[in-house]
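Undergrad: Take this structure, written in structure tokens, and hold onto it; I'll ask about it next.
The values are calculated or read from the model by the stated rules, or taken from the named source; none is laboratory data. Predicted model only: the values in this text are computed from it and were never measured. Please note: Cβ atoms are built from the backbone with ideal geometry, for glycine as well, and neighbour counts cover all protein chains shown. We work out accessible area using only protein heavy atoms, side chains counted, and drop any ligands, DNA or RNA first. Shrake-Rupley method; radii C 1.70, N 1.55, O 1.52, S 1.80 Å.
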Number of protein chains: 2
Amino acid sequence: MSQLKNMSLSELTRHQEELQKQYDMYKNETIRLDMSRGKPSQEQLDLSMDMLTVLTNESHVVDANETDIRNYGLLDGIPEAKEWFGTMFEMAADQIIVGGNSSLALMHDTVARAMLHGVDADATPWAKLPKVKFICPTPGYDRHFSICELFDIEMISVEMTEDGPDMDQVETLVANDEAIKGIWCVPKYSNPEGITYSDQVVQRLSKMETKATDFRIFWDNAYAIHHLTDTPDELLDIVKQCEHAGVPNRVYQFASTSKVTFPGSGISAFMASKENIQFAKKLMGIQTIGADKINQSRHIRFFEQIGGVEKLMKQHAAIIKPKFDQVLSTLEQKLAEKEIADWTTPNGGYFISLNTMEGCAKRVVSLAADVGVTLTGAGATYPYGKDPVDRNIRIAPTFPSLGELKKAMEILCLCVELAAVEKVIKQ
Amino acid sequence: MSQLKNMSLSELTRHQEELQKQYDMYKNETIRLDMSRGKPSQEQLDLSMDMLTVLTNESHVVDANETDIRNYGLLDGIPEAKEWFGTMFEMAADQIIVGGNSSLALMHDTVARAMLHGVDADATPWAKLPKVKFICPTPGYDRHFSICELFDIEMISVEMTEDGPDMDQVETLVANDEAIKGIWCVPKYSNPEGITYSDQVVQRLSKMETKATDFRIFWDNAYAIHHLTDTPDELLDIVKQCEHAGVPNRVYQFASTSKVTFPGSGISAFMASKENIQFAKKLMGIQTIGADKINQSRHIRFFEQIGGVEKLMKQHAAIIKPKFDQVLSTLEQKLAEKEIADWTTPNGGYFISLNTMEGCAKRVVSLAADVGVTLTGAGATYPYGKDPVDRNIRIAPTFPSLGELKKAMEILCLCVELAAVEKVIKQ
């Protein structure tokens, strides 16, 4: 796999010493850089500051139906927020519940409802079954995996390809195991690889035979409008595909404005078939009287005022594209020729996925941490935190400044090389 | 019980005809009045309009620790919001989780966690037990009962006295039945009676022997600061009482600003022992990255700006006290001498509890509905929607205007009398 293989032991040792010397120099600096979580930077957050004051008088706190949105009511959200998500995802008003500040909570609660009540009135609550399993395309999003762990749902890893999850594997698994009740998908600009599912993958997901009649696709469309280029990826509409395939209830779609406006104070949406939504609403109506409608209105009015959310997303891209470029150019410059790592080049989303030599990811993350660079924990992108070949590292370039990122990436690349040399010497 | 008993059948029939004539006159009007839910009126909502624009610049979106509250993080809330609730309820920062816009959701989720995971790391998840029961002091809050129904928790009614739940009953029940895992309490200005638990009741709740080691008091302190008089009721601090009694983990306390600022857009708090909070946080951290911190900051800054929440609550009282007085004076004037009903006179909260003659509540609600006056459904204040003697009606005076309320109450009193006469004639 690598040039290192052609080096003699003495060459390798000398090379290691050089790298170690460079690394030790960083040790003497006080570095504190964080590339661990997909957080917008302050500059991005500043883009939405006008949203805070967009509602000023009483005419701003009634919705499209003249309902006073300050008061109780409207479990599924104000009409204009439903329309906003509905236009973006081509869903009808009765296919949408607008939620609070966390689509993660919508996903968690959807799994919790399935555990305690089943996916519909006739289905068995998953908690009453001896075993429930989910397919987890890997690498994937650690918080999805945590939900499975919380509810004692066994996770089955399926490898990601350039087109999405390996559908041969997925189809075989769901056709033969009734305990498999779900699959987690981040279908567009996936976390962490930035891959968008191909049309064929989406079609196969909607058409595949599942042994479980209560199988559900958890479609976390978190980065639907988070493009980095002017020629964004296109994703087939899975809700429509499932309708056409005669399984309209198979998919739950989730989205939010967490990385559009403010991560802690956005609005979210749960979208699915009318039947799924009705069932969810019946149970959710016991949990809450509804999400924060004023914040929904605040968002919609702000998007109108700035001339549409697309404009805002271009401003985000203008800030974060140079950061992705910085990461990619450093990787290219420092590692490309050495053949000790590969990485993805996404057209959107929040992450770049880096694969080190096998067995090196943990060591790289630990080396980087020791000089003050925080990366997502090695293994976090796999179920149970265990990367079977210990090579995947998720890079989150958005939060640090360009200058910080340059330094952090130089350190990361050095650590990747150092860990690789250590490994080859040991072999 | 009633003067009606002394009337002859012909007198009764004549009286019924007169009442029916009055009632039929209302039938010809187009009346639409709603006294069903505890909703603040528009005038009350207007009191908090300045909150919408209280955060304007970047110095307003960092918390007391200089953390950027627009971004992810702070599962348990911003320090100043914790301090605000902490001061009000005498709780330390590590005993508080500040939640989103719904304390109902905090309660629902707390029950859901107990169902799926138990109340602590060593406890059996309630869903794994053959039977779980809760004590429900009645009349009580219908949404509490709905949570029990949702999770298939059997409800045992215990009668409310003037001091709170009948503690002789409660003590006997919890001492002898291990399946009894909880009790719902609205301890101050209770829903619907407006009763505040006496010190002795609070002490007995904290000291009583429970057969279940994982018994929990759900202390829904929804109306803690919602006084109608200048000499408010005082409630003993149950968290401290449970600490003193050596059962610090027995109680979960809930509160919110739903009826302080905006019902759909308030902030809430879950308060308990440090150990309970730590356990909840561990599980909640999988569900969400945290509640809306900007809205927390918006609240705290607004309360500061207006010179304290007590001032705001006095403004609320100035609006709603005349409505309570209107209800009470109409009841007094129309029904007092007739001895066919009794009612409570609360010092705070959102409700007045009306007891008709036994077997008449459903008929009264139905009669009122037929002329356009919506009341809380008869039976709603009891588990499973079933008032065993069919007499309790919850009156929610806050939402209608004074004029509407006057008319609605005249109609209600007429319906109470009509139903009573009908009943006596039938006997």
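Undergrad: Please count how many residues of segment A:147-165 are under 20 Å from A:Leu235 (Cα atoms) and either in contact with a helix residue (DSSP H, G or I) (Cβ under 9 Å, 6 or more places away or on another chain) or modelled with pLDDT under 95 (or both).
TA: 5
Undergrad: If I ask for residues that are open to solvent by less than 10 Å² (accessible area, probe 1.4 Å) and more than 30 Å from A:Glu234 (Cβ to Cβ), which ones from segment A:101-131 would you list?
TA: Across segment A:101-131, the qualifying residues are A:Ala114, A:Gly118, A:Trp126.
Undergrad: Also, I was wondering about something else. Only one residue in A:Asn28, A:Asn71, A:Asn57 is more than 31 Å from the chain's Cα centre (by Cα), outside the structural domain of A:Pro400 (by TED's automatic domain parsing) and modelled with pLDDT under 95. Which one?
TA: Every option except A:Asn57 fails the conditions.
Undergrad: Among the residues of segment A:358-404, which ones are of a type in the set (D, E, K, R) and in a loop (DSSP other than H, G, I, E, B)?
TA: A:Glu358, A:Lys386, A:Asp387, A:Asp390, A:Arg391
Undergrad: Pick from segment B:90-100 the residues that are surrounded by fewer than 19 Cβ atoms within 10 Å (Cβ to Cβ) and either basic (Lys, Arg) or in contact (Cβ under 8 Å) with a residue 60 or more places away in the chain (or both): which of them is nearest to the other protein chains (Cβ to nearest Cβ)?
TA: Taking the candidates together, the pick is B:Asp94.
Undergrad: Go over the candidates B:Ser41, B:Ser36 one by one and state the one that is within 28 Å of A:Ile69 (Cβ to Cβ) and touching a Leu at 6+ places or on another chain (Cβ under 7 Å).
TA: B:Ser36
Undergrad: In segment B:1-19, how many are closer than 22 Å to B:Asp342 by Cα, out of contact with any helix residue (DSSP H, G or I) (no Cβ under 6 Å at 6 or more places or on another chain) and open to solvent by 50 Å² or more (accessible area, probe 1.4 Å)?
TA: Of the residues in segment B:1-19, 4 are closer than 22 Å to B:Asp342 by Cα, out of contact with any helix residue (DSSP H, G or I) (no Cβ under 6 Å at 6 or more places or on another chain) and open to solvent by 50 Å² or more (accessible area, probe 1.4 Å).
Undergrad: Could you list, in sequence order, all residues of segment A:101-125 that are in contact with a His (Cβ under 9 Å, 6 or more places away or on another chain) and either touching a residue at least 60 places away in the same chain (Cβ under 8 Å) or more than 9 Å from chain B (Cβ to nearest Cβ) (or both)?
TA: Passing the criteria: A:Ser102, A:Met107, A:Ala123.
Undergrad: Next question. Restricting the search to segment B:236-257, which residues are farther than 18 Å from B:Ile277 by Cα and surrounded by 19 or more Cβ atoms within 10 Å (Cβ to Cβ)?
TA: Scanning segment B:236-257 gives a single hit, B:Thr257.
Undergrad: Would you confirm whether or not segment B:302-318 contains a residue that is open to solvent by 40 Å² or more (accessible area, probe 1.4 Å), hydrophobic (A, V, I, L, M, F, W, C) and more than 26 Å from B:Asp63 (Cα to Cα)?
TA: Checked against the condition, which is being open to solvent by 40 Å² or more (accessible area, probe 1.4 Å), hydrophobic (A, V, I, L, M, F, W, C) and more than 26 Å from B:Asp63 (Cα to Cα), segment B:302-318 yields at least one hit.
Undergrad: Moving on. Among the listed residues A:Glu332, A:Glu339, identify the single one that is open to solvent by 40 Å² or more (accessible area, probe 1.4 Å), more than 14 Å from every other protein chain (Cβ to nearest Cβ) and either under 24 Å from A:Thr67 (Cβ atoms) or in contact with a helix residue (DSSP H, G or I) (Cβ under 7 Å, 6 or more places away or on another chain) (or both).
TA: Sole residue among the options that is open to solvent by 40 Å² or more (accessible area, probe 1.4 Å), more than 14 Å from every other protein chain (Cβ to nearest Cβ) and either under 24 Å from A:Thr67 (Cβ atoms) or in contact with a helix residue (DSSP H, G or I) (Cβ under 7 Å, 6 or more places away or on another chain) (or both): A:Glu339.
Undergrad: Could you count how many residues in segment B:375-409 are at positive phi and open to solvent by 20 Å² or more (accessible area, probe 1.4 Å)?
TA: 3
Undergrad: Looking only at segment B:42-76, which residues are polar (S, T, N, Q), within 16 Å of A:Gln42 (Cα to Cα) and in a helix (DSSP H, G or I)?
TA: B:Ser59
Undergrad: Now for a separate question. Can you spot a residue in segment B:278-286 that is in a helix (DSSP H, G or I), open to solvent by less than 10 Å² (accessible area, probe 1.4 Å), more than 12 Å from chain A (Cβ to nearest Cβ) and under 20 Å from B:Arg216 (Cα atoms)?
TA: yes
Undergrad: Out of the residues in segment A:326-356 that are assigned to a helix (DSSP H, G or I) and among the polar types (S, T, N, Q), state the one that is nearest to the chain's Cα centre (by Cα).
TA: Taking the candidates together, the pick is A:Gln326.
Undergrad: Run A:Val170 past the list (1) of a type in the set (A, V, I, L, M, F, W, C); (2) more than 14 Å from chain B (Cβ to nearest Cβ); (3) touching a residue at least 40 places away in the same chain (Cβ under 8 Å) and report the number of the one that doesn't hold.
TA: Single failed check for A:Val170: (3).
Undergrad: So, one more: Can you tell me which condition A:Ala291 does not meet? The list is (1) within 12 Å of another protein chain (Cβ to nearest Cβ); (2) touching a Lys or Arg at 6+ places or on another chain (Cβ under 7 Å), and all the others hold.
TA: Only one criterion is unmet by A:Ala291, namely (2).
Undergrad: Looking only at segment A:5-20, count how many residues are assigned to a helix (DSSP H, G or I) and touching a residue at least 12 places away in the same chain (Cβ under 8 Å).
TA: Total satisfying the criteria: 8.
Undergrad: So B:Asp220 fits all but one of (1) open to solvent by 10 Å² or more (accessible area, probe 1.4 Å); (2) among the acidic types (Asp, Glu); (3) out of contact with any Lys or Arg (no Cβ under 8 Å at 6 or more places or on another chain); what number is the exception?
TA: Of the numbered conditions (1) open to solvent by 10 Å² or more (accessible area, probe 1.4 Å); (2) among the acidic types (Asp, Glu); (3) out of contact with any Lys or Arg (no Cβ under 8 Å at 6 or more places or on another chain), the odd one out for B:Asp220 is (1).
Undergrad: All but one of (1) within 14 Å of chain B (Cβ to nearest Cβ); (2) assigned to a loop (DSSP other than H, G, I, E, B) hold for A:Glu178; state the number of the condition that does not hold.
TA: Looking at each condition in turn, A:Glu178 falls short on (1).
Undergrad: Based on this model, can you work out whether A:Val260 counts as touching a residue at least 24 places away in the same chain (Cβ under 8 Å) and under 30 Å from A:Glu422 (Cα atoms)?
TA: no
Undergrad: Then there is this: Scanning for something farther than 30 Å from B:Asp46 by Cα, modelled with pLDDT under 95 and not basic (Lys, Arg), does segment B:338-361 turn up at least one residue?
TA: Yes; the residues of segment B:338-361 include at least one that is farther than 30 Å from B:Asp46 by Cα, modelled with pLDDT under 95 and not basic (Lys, Arg).
Undergrad: Then there is this: Those residues that are open to solvent by 50 Å² or more (accessible area, probe 1.4 Å) and at the interface with another protein chain (Cβ under 8 Å from one of its Cβ atoms), I need them from segment B:54-71; list them, please.
TA: The answer is B:Thr56, B:Asn57, B:Glu58.
Undergrad: Quick one: would you say B:Ala175 is open to solvent by less than 20 Å² (accessible area, probe 1.4 Å) and of a type outside the set (Phe, Trp, Tyr)?
TA: Spelling it out, it is not the case that B:Ala175 is open to solvent by less than 20 Å² (accessible area, probe 1.4 Å) and of a type outside the set (Phe, Trp, Tyr).
Undergrad: Moving on to the next point. Only residues that are within 11 Å of chain A (Cβ to nearest Cβ) and open to solvent by 20 Å² or more (accessible area, probe 1.4 Å): list them for segment B:28-48, please.
TA: B:Arg37, B:Lys39, B:Gln42, B:Asp46, B:Leu47
Undergrad: Let me ask something else about it. Hey, any hits in segment A:77-88 for a residue that's away from chain B (no Cβ under 11 Å), modelled with pLDDT under 95 and open to solvent by 40 Å² or more (accessible area, probe 1.4 Å)?
TA: no
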